[in-house]
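Here the structure is laid out as structure tokens; the discussion comes afterwards.
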Amino acid sequence: MPLKAWNADLVQALRAKENEASVLEESEQLAKNSASWLFWRRAAECIEKVRKDIKITQTGSVQNLPKESTDFRKTAREYCEQIMRSGRVPQVIRPAVPAGTVEHPYLRTMQHRGGGYAILRALWDAEKSPNYEGFLTKDQICRLGQRYCDVPMRDNHFEGRDHGHGWESNKSLLSHRFIERDKAGKSWRSNFRGPKDRISLTQAGRDFVPKMLEKFGEIDDGEPDAPAPLMSRVVKGTKKSPEDFDALQHWASTAPDGAEKEFQVSKDRRKYLHNQIEMLNAMDLGYRLHHASRGDGRQRTLVVTKVGQSGHDLAAKPNLSGLDLPPSGGIFSPCAAGPGQKLGGRMSTDGKREASAMAAERRMSAASTRGLKKPRISQPSTMPQKNASHMAPRPASSSSSSSSDSDSDMDEEMKRAMEASLQEVLKSRPHNQEDKDLEEALRLSTEEAAPPARFARLSASTSVMDLEDDQLVLSVDLHERRSDLSPRDIFEELQKRLHNTAAVQHVKLKMGDYMWTRSAEAVGLCIERKTMRDLVGRSAKGDHLRQLRRLSASCLPSALLLEGDISTADHQVAYGADPISHGHSDPAIRESADVLCFLARLVLRQRQFVLLTANAMDTANWLASWSLVLKDTSSCPKAPLDAVTKAAERSDRGYSDLLAFVHAAGLSTEDQEAIGRRFFSLDELRLAYDSCPDVPQQQLLVAPLLLLSMDADSQGDTSAHSAAANASRRLFQAATAQSGVETGPAHAPETKLSLVATTGIGKDIKSLPQATGCNVEDCKPCCRGVEEVQAQLLGTGDFTAFKSAPFRIYILGGSQLLQFLTRALQQVCDMDFAKVAAGCAEAIVKSLRLERPGHKVLLLEGLEVAAKQVCGKGQNEPCFQVAKEAAKLWPAVVAILAMRYQIHALQWRNRSKLKEFLIALFKEFAETQLLDQ
């Protein structure tokens with residue numbers, strides 16, 4: 001029986017509370033209920049926005065209620081839970097009170113000529129102006145609203161106005177939704193750069209302002225009190241600003257000789273001013289303008305100096321004999337300023353690359369030497385003596401040209417000194433790779449302008465780890481991150497954990513998120529990581545199915561690493577999915593039950609291993625444990641790296657061929673989707689036919705799958721069964737190229753689920769409501785303390801000869817696992833994670849007889865609880881040493897079971913979570929398992 005949806009009843013109950021509060025306010029109980037009606041109104045609006053059904057489960061837990069926020073507070077949540085548990089919904093005592101009938105609580109506490117009043121008046125006046133563009137900035141609001149405010153509107157830290165200014169009231173206006181702020185797409189992706197915030201009135205604010213004016217006795221004549229500011233926005237793509245040229249021209253015509261003017265503008269506007277200055281100099285206006293830039297980044301400033309017509313040739317004024325003067329154009333003529341742009345001209349493409357390379361080299365050298373003492377360079381005996389002209393004092397009237405020439409000579413002498421000192425140091429000791437790298441770095445640092453290609457080689461040699469041929473490398477995809485705010489935290493955590501175990505590199509992987517390599521081979525397995533939010537949010541498009549299909553086509557085992565608590569899927573949103581599921585033909589995952597069914601299908605198909613982790617740090621712990629196993633295990637799966645990277649293309653090609661083949665067989669689009677979800681290639685479909693013992697089972701092999709793709713209302717019809725059987729026969733005839741089809745039952749096979757379980761788990765299965773009518777037989781356990789369940793589909797009626805392959809489930813407790821680990825540790829006599837895990841996995845396989853052929857899965861429950869109990873008893877406990885390291889040993893055991901024995905192993909927190917997964921496992925087994933035995 002489906003659970004009741006409480007959405008409409010909760011809205012009705014909250015509206016009743018809103019009306020009750022409004023009645024109290026009208027009866028002059030304002031001091032006690034000043035904002036109560038608004039509180040309940042916002043809570044009702046939050047319930048109306050919930051897309052999923054708000055329901056209460058049989059265990060009493062409430063699902064899909066909004067999270068606590070400023071609009072839906074704890075009081076509202078507790079009231080809703082009380083309504084759902086009691087089942088009594090209060091009735092609305094009268095029609096809902098229209099918005100604005102009761103005085104708004106903010107208007108009662110609002111200060112006349114305060115910050116909120118001034119902000120609203122500024123926006124209100126701006127909206128009445130004909131040149132209003134729909135928003136104002138903070139500066140414009142503070143400028144226009146100052147006339148309506150008795151305190152300063154702007155904040156100023158140096159004047160002690162961090163608080164108490166008028167603009168601080170914008171927080172209250174935003175919380176009451178009187179104004180809205182558009183951040184224009186600024187975020188961490190754009191380094192919070194972009195246009196200023198755009199602030200405008202909302203409809204609630206427009207309704208509030210007339211009441212505010214009425215309360216304070218202000219008269220609104222419909223005209224703006226002051227003209228609204230013009231929004232001087234630069235059109236996107238514009239590289240000129242005429243205002244800059246007008247300001248430059250006015251300043252140049254009035255300023256005296258020697259005056260300077262600064263322009264702190266953008267890069268494009270600086271280039272525009274460069275060209276305008278050259279144009280003014282060419283017009284012979286009686287003066288000349290010279291320009292230079294200072295500062296870096298956004299603080300870069302263009303400085304323009306005015307020089308008289310007779311003063312631009314300054315080479316003749318001071319006595320500069322003995323100095324090398326620039327050409328006849330004067331020292332203020334455009335001259336090279338290092339690689340990149342020449343002052344007064346445009347930067348070439350080569351210059352840009354060269355300047356970028358030098359800037360990057362300076363940053364790298366500063367970062368590498370930060371916090372270290374500078375080495376003392378001994379002065380060699382071959383160092384040249386300084387010339388007398390260099391040692392002589394400079395005249396006070398010497399120009400910047402002479403100082404720059406002298407500095408360049410000093411730089412040349414320092415370079416020669418560094419080179420000579422380096423040669424003496426290197427002669428005194430043997431060379432190794434580190435010395436060669438140091439020599440190359442110092443040699444490049446003494447050059448004037450290192451070419452970009454040479455700098456790229458240097459940075460690559462110093463930033464990338466030198467890897468040996470047989471070293472294990474864990475490759476992390478560049479897009480793999482815990483959140484957008486911390487894109488490198490997983491990568492850096494893995495580097496810390498695997499410092500002496502394996503190299504960790506950040507690369508772009510064509511498939512998967514984590515992959516181990518050694519030399520030119522991929523080893524271990526390829527892992528695709530999914531958070532609960534990512535899995536649910538992108539499931540409607542089928543992205544998770546496509547990624548797993550590509551992983552299964554690789555020559556290497558693959559795994560899905562699901563991160564997070566499965567119950568949190570109830571609070572996620574499947575974007576683009578319909579509110580109601582369409583059954584097996586719908587790939588969308590909407591709630592935790594869908595996640596469990598999805599994991600059950602992966603376990604039953606045996607294509608990908610399933611790894612469950614709690615959070616990002618737990619994920620790093622699992623990857624570190626797997627790296628330890630792969631480092632010390634030589635008998636792990638291997639595949640050429642090229643074959644793994646090309647698996648995506650191979651998978652897409654095989655999947656397209658399968659769909660084309662099914663379409664050519666005359667099956668409908670829904671049937672093609674059903675076949676595509678179960679089989680990934682035509683070869684896989686033919687292998688399934690070959691596994692059937694006789695032709696009648698081959699003919700009806702996919703009939704149950706085709707029946708599931710139909711509507712739920714038509715699945716019980718005889719015509720639907722007949723259509724599914726006929727389509728299955730046509731597909732078999734096309735796949736096996738048989739001309740004739742044997743006659744048989746004209747409907748899909750009918751089956752029942754048969755379970756054989758040990759006593760403990762058998763009682764739990766019988767108590768489940770979903771197991772009603774299921775035949776559960778008792779059996780003896782294969783090992784003491786281990787529970788076992790065997791599931792199999794058996795045909796009924798005309799299909800008694802049909803049956804599926806048995807599926808075995810082994811349930812191991814946390815205390816039993818600790819005992820296996822303890823025995824393995826005693827044999828190894830050392831806490832070597834890989835060896836202890838290998839011994840434990842081997843003991844589990846032998847004790848549970850997991851080497852038997854067939855599909856099987858190992859489920860572990862309560863490991864964390866058992867480990868805490870042992871650690872709480874003290875070091876004298878026999879299992880204390882392995883319990884302390886259980887979080888690292890269990891992933892290593894899973895790695896051995898997966899790579900050496902091909903056994904799926906999943907961990908569950910408690911018995912309740914385990915039973916939920918068993919329900920999903922039995923459901924998927926009964927609906928999708930093939931009758932191929």
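Just a few scattered comments:
- Meeting the requirement of 2 or more residues that are at pLDDT 85 or above, the helices (runs of 4 or more DSSP H) wholly within segment 43-155 are 74-86, 115-127, 138-145.
- Condition met for R549 (of a type in the set (K, R), in contact (Cβ under 8 Å) with a residue 40 or more places away in the chain and in a loop (DSSP other than H, G, I, E, B)): no
- Flag if S627 is free of Cβ contacts under 8 Å to residues at least 24 places away in the same chain, within 30 Å of E493 (Cα to Cα) and either of a type in the set (G, A, S) or in a strand (DSSP E or B) (or both): no
- Candidate set from segment 490-512 (those that are part of a loop (DSSP other than H, G, I, E, B) and touching a residue at least 24 places away in the same chain (Cβ under 8 Å)); member that is surrounded by the most Cβ atoms within 10 Å (Cβ to Cβ): G512
- In segment 745-780, the residues that are part of a loop (DSSP other than H, G, I, E, B), among the hydrophobic types (A, V, I, L, M, F, W, C) and within 42 Å of the chain's Cα centre (by Cα): L768
- Taking first residues from segment 814-840 that are without any contact (Cβ under 8 Å) to a residue 12 or more places away in the chain and partners that are assigned to a helix (DSSP H, G or I), the Cβ contacts under 7 Å between residues at least 6 apart in sequence or on separate chains come to V828/K835; V828/V836; V828/G839.
- Pair list, Cβ under 7 Å, 6 or more apart: segment 866-893 residue among the basic types (K, R), other residue at pLDDT 90 or above: K888/N621; K888/S625
- The residue that is nearest to D182 (Cα to Cα), counting only those in segment 115-165 that are acidic (D, E) and surrounded by 14 or more Cβ atoms within 10 Å (Cβ to Cβ), is E133.
- Filter result for V536 (under 20 Å from the mean Cα position of the chain (by Cα), touching a residue at least 12 places away in the same chain (Cβ under 8 Å) and open to solvent by 20 Å² or more (accessible area, probe 1.4 Å)): no
- The residue of segment 751-773 that is most open to solvent (accessible area, probe 1.4 Å), among those that are closer than 28 Å to H721 by Cβ and modelled with pLDDT of 85 or more, is K752.
- Scanning segment 571-606 for residues that are among the polar types (S, T, N, Q) and under 19 Å from the mean Cα position of the chain (by Cα) yields a single hit, Q572.
- Qualifying residue in segment 516-526 (condition: in a helix (DSSP H, G or I) and open to solvent by 10 Å² or more (accessible area, probe 1.4 Å)): no
- The single condition from (1) more than 24 Å from C597 (Cβ to Cβ); (2) free of Cβ contacts under 8 Å to residues at least 40 places away in the same chain that A720 fails is (1).
- Cβ-Cβ under 9 Å pairs, at least 6 apart or on other chains, segment 731-750 side of a type in the set (G, A, S), far side at pLDDT below 70 and open to solvent by less than 60 Å² (accessible area, probe 1.4 Å): none
- Subset of segment 781-806 that is closer than 27 Å to V865 by Cβ, in a loop (DSSP other than H, G, I, E, B) and not small (G, A, S) - its residue that is most open to solvent (accessible area, probe 1.4 Å): R784
- The requirement of being touching a helix residue (DSSP H, G or I) at 6+ places or on another chain (Cβ under 7 Å) and not in a helix (DSSP H, G or I) is satisfied by L667.
- Every test in (1) open to solvent by less than 40 Å² (accessible area, probe 1.4 Å); (2) under 27 Å from Y575 (Cβ atoms); (3) modelled with pLDDT under 80 is passed by W37 save one, and that test is (2).
- Any hit, segment 315-338, residues being modelled with pLDDT of 80 or more, within 54 Å of the chain's Cα centre (by Cα) and surrounded by fewer than 18 Cβ atoms within 10 Å (Cβ to Cβ): no
- Restricting segment 849-879 to residues that are over 21 Å from E788 (Cα atoms) and open to solvent by 100 Å² or more (accessible area, probe 1.4 Å), the residue that is nearest to the chain's Cα centre (by Cα): E864
- One residue alone among L248, L213 is open to solvent by less than 60 Å² (accessible area, probe 1.4 Å), at pLDDT 75 or above, among the hydrophobic types (A, V, I, L, M, F, W, C) and closer than 30 Å to R113 by Cα, and that residue is L213.
- Per the listing G286, G311, the residue uniquely at pLDDT below 80, exposed (fewer than 15 other Cβ atoms within 10 Å of the Cβ) and over 23 Å from E243 (Cβ atoms) is G286.
- Evaluation of T568 against the conditions (1) open to solvent by 10 Å² or more (accessible area, probe 1.4 Å); (2) modelled with pLDDT of 90 or more; (3) under 22 Å from the mean Cα position of the chain (by Cα) shows that the sole unmet condition is (2).
- Residue match in segment 572-593 (condition: crowded, with 20+ Cβ neighbours inside 10 Å and closer than 27 Å to V523 by Cα): no
- Being closer than 30 Å to T751 by Cα, open to solvent by less than 20 Å² (accessible area, probe 1.4 Å) and touching a His at 6+ places or on another chain (Cβ under 8 Å) is not true of L906.
The values are calculated or read from the model by the stated rules, or taken from the named source; none is laboratory data. Everything numeric here is computed off the predicted structure, so don't read it as measured data. Cβ atoms come from the backbone with ideal geometry, glycine included; neighbour counts cover every protein chain shown. Note: areas computed on protein heavy atoms with side chains; ligands, DNA, RNA excluded. Shrake-Rupley method; radii C 1.70, N 1.55, O 1.52, S 1.80 Å.
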